[in-house]
1. Here is a list of conditions, (1) crowded, with 16+ Cβ neighbours inside 10 Å; (2) within 22 Å of Trp217 (Cβ to Cβ); (3) of a type outside the set (D, E, K, R), and Thr99 meets all of them except one; can you say which number that is?
2. Going residue by residue through segment 200-208, is there one that turns out to be assigned to a helix (DSSP H, G or I), surrounded by 17 or more Cβ atoms within 10 Å (Cβ to Cβ) and either within 9 Å of the ligand (Cβ to nearest atom) or modelled with pLDDT of 95 or more (or both)?
3. Looking for something within 15 Å of the ligand (Cβ to nearest atom), assigned to a helix (DSSP H, G or I) and within 13 Å of Gly103 (Cβ to Cβ) - is there at least one such residue anywhere in segment 61-72?
4. In segment 102-140, which residues are assigned to a loop (DSSP other than H, G, I, E, B), modelled with pLDDT of 80 or more and not aliphatic (A, V, I, L, M)?
5. So Thr236 clears everything in (1) farther than 20 Å from Cys259 by Cα; (2) within 13 Å of the ligand (Cβ to nearest atom); (3) assigned to a helix (DSSP H, G or I); (4) of a type outside the set (Lys, Arg) except one condition, right? Which one?
6. Which numbered condition trips up Val277, out of (1) among the aliphatic types (A, V, I, L, M); (2) more than 16 Å from the ligand (Cβ to nearest atom); (3) crowded, with 18+ Cβ neighbours inside 10 Å?
7. Taking Asp18, is it out of contact with any helix residue (DSSP H, G or I) (no Cβ under 7 Å at 6 or more places or on another chain), within 25 Å of Ile212 (Cβ to Cβ) and at pLDDT 95 or above?
8. Could you list, ordered by first residue, the pairs with Cβ atoms under 8 Å in which the first is in segment 290-305 and more than 10 Å from Ala229 (Cβ to Cβ) and the second is at pLDDT below 90, at least 6 apart or interchain?
Amino acid sequence: MGTPFISRLEPTRLDGYDPSKPHDQQAAHLPPVFLDAMAVREAVFVGEQGTPLDCEYDNDDARSCHWTIYASVNMTASAEQRDPSTGAVLRPRRSETRTMPIGTMRIVPFPHPPHPPPGARYVGNVLQDDDDDDDGEGGAAQDHSGVSSLSSTAGAAPPRRRSKTLTSVDEERQASALPYGPDKPTTYHDGKEPYVKLGRVAVVPEFRGHHIAGQMWRAARKWLEDNPAFFNPSVTELGMDQLKVGAVSEIPKWKGLVCCHAQERVVKVYEKWGFRVDEGMGKWFEEGIPHVGMFQRLHIKQGNPKV
Ligand SMILES: CC(C)(COP(=O)(O)OP(=O)(O)OC[C@H]1O[C@@H](n2cnc3c(N)ncnc32)[C@H](O)[C@@H]1OP(=O)(O)O)[C@@H](O)C(=O)NCCC(=O)NCCS
């Protein structure tokens with residue numbers, strides 16, 4: 001494997017993405033870095049862990065920053081051919097170097113739906129009713145509980161299955177700037193502070209064991225540290241009225257808090273990156289797989305707020 005390189009995609013219109021189709025059957029105008037991220041997610045979450053294909057893409061994808069890591073791999077283009085009677089080489093093996101996506105992750109900006117209720121069970125991204133005991137054993141496993149609903153606020157009805165209708169990035173960013181009600185306080189989150197969410201962390205099986213995901217996280221963390229105001233809502237674009245705040249000091253501003261919803265079995269991976277389990281968030285189940293919340297605080301310079 002050659003030295004991997006990482007590409008970052010900022011929030012972008014993904015209009016025309018068809019969630020029912022795989023990455024290689026999507027419209028040609030869609031950004032290659034995103035299609036490559038979807039190639040990895042399909043291999044890992046859909047192929048390996050059993051998430052339904054149409055649940056893999058969601059409304060958070062357009063408003064997120066994505067990182068995709070690539071490796072140059074030497075591949076056999078045509079096999080060696082030998083004369084069966086003499087064993088002499090008729091045509092030597094021909095190899096070629098191909099660049100392929102091997103890992104991905106995304107950072108979803110605030111706001112987020114409320115923290116999953118402890119003990120909650122999600123099946124196909126849908127929060128099950130208390131009296132519904134179908135826990136959907138043996139299916140998807142990634143951070144899919146944060147069912148994206150830009151209009152959802154704390155205290156509102158629990159999130160349901162994601163809407164498949166995309167709005168434009170402008171609308172999404174505008175919606176993401178709107179104030180959201182307080183969430184329940186947990187061990188590391190006071191229920192009010194804006195946080196970004198790390199998710200869809202995946203490395204294709206053939207490339208695991210080389211700290212590839214850690215390499216991506218370091219790139220994402222550095223970018224967040226260098227761009228702390230990136231996701232903050234803009235007063236100039238939206239106006240105080242639309243932000244529904246009375247003073248500049250009330251505008252939501254990111255102060256370095258990062259959350260992730262981790263499968264319990266990979267908690268140790270995230271701990272190595274500095275995340276800590278938020279005991280107050282409890283445990284919930286996605287497709288029968290136990291998940292916990294984790295947080296870490298990045299030490300960012302309080303740059304100028306976006307104006
Ligand atoms: C999680 C994942 C992205 C990590 O991939 P990776 O970058 O290849 O990670 P590595 O295997 O190199 O492991 C990095 C470190 O974590 C440790 N680690 C990895 N998996 C672990 C596990 N299940 N339990 C404990 N430690 C683990 C490794 O031992 C290594 O430790 P070290 O730093 O002391 O050497 C990859 O396993 C994956 O794609 N899994 C499937 C998708 C998934 O479950 N994503 C997480 C959703 S919450």
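1. That leaves (1) as the condition not met.
2. Checking segment 200-208: at least one residue is assigned to a helix (DSSP H, G or I), surrounded by 17 or more Cβ atoms within 10 Å (Cβ to Cβ) and either within 9 Å of the ligand (Cβ to nearest atom) or modelled with pLDDT of 95 or more (or both).
3. Within segment 61-72, not a single residue is within 15 Å of the ligand (Cβ to nearest atom), assigned to a helix (DSSP H, G or I) and within 13 Å of Gly103 (Cβ to Cβ).
4. Start the filter on segment 102-140 by keeping residues that are assigned to a loop (DSSP other than H, G, I, E, B), which leaves 109-120, 124-125, 128-140.
Right, trim to modelled with pLDDT of 80 or more and you get 109-120, 128.
Residues satisfying the conditions are Pro109, Phe110, Pro111, His112, Pro113, Pro114, His115, Pro116, Pro117, Pro118, Gly119, Gln128.
5. Failing condition for Thr236: (2).
6. Of everything listed in (1) among the aliphatic types (A, V, I, L, M); (2) more than 16 Å from the ligand (Cβ to nearest atom); (3) crowded, with 18+ Cβ neighbours inside 10 Å, Val277 misses just condition (2).
7. Against the criterion (out of contact with any helix residue (DSSP H, G or I) (no Cβ under 7 Å at 6 or more places or on another chain), within 25 Å of Ile212 (Cβ to Cβ) and at pLDDT 95 or above), Asp18 does not qualify.
8. His291/Asp143; His291/Ser145
The values are calculated or read from the model by the stated rules, or taken from the named source; none is laboratory data. Source: prediction; values computed, not measured. Ideal geometry is used to build each Cβ from the backbone, glycine not excepted, and the neighbour counts take in all protein chains shown.
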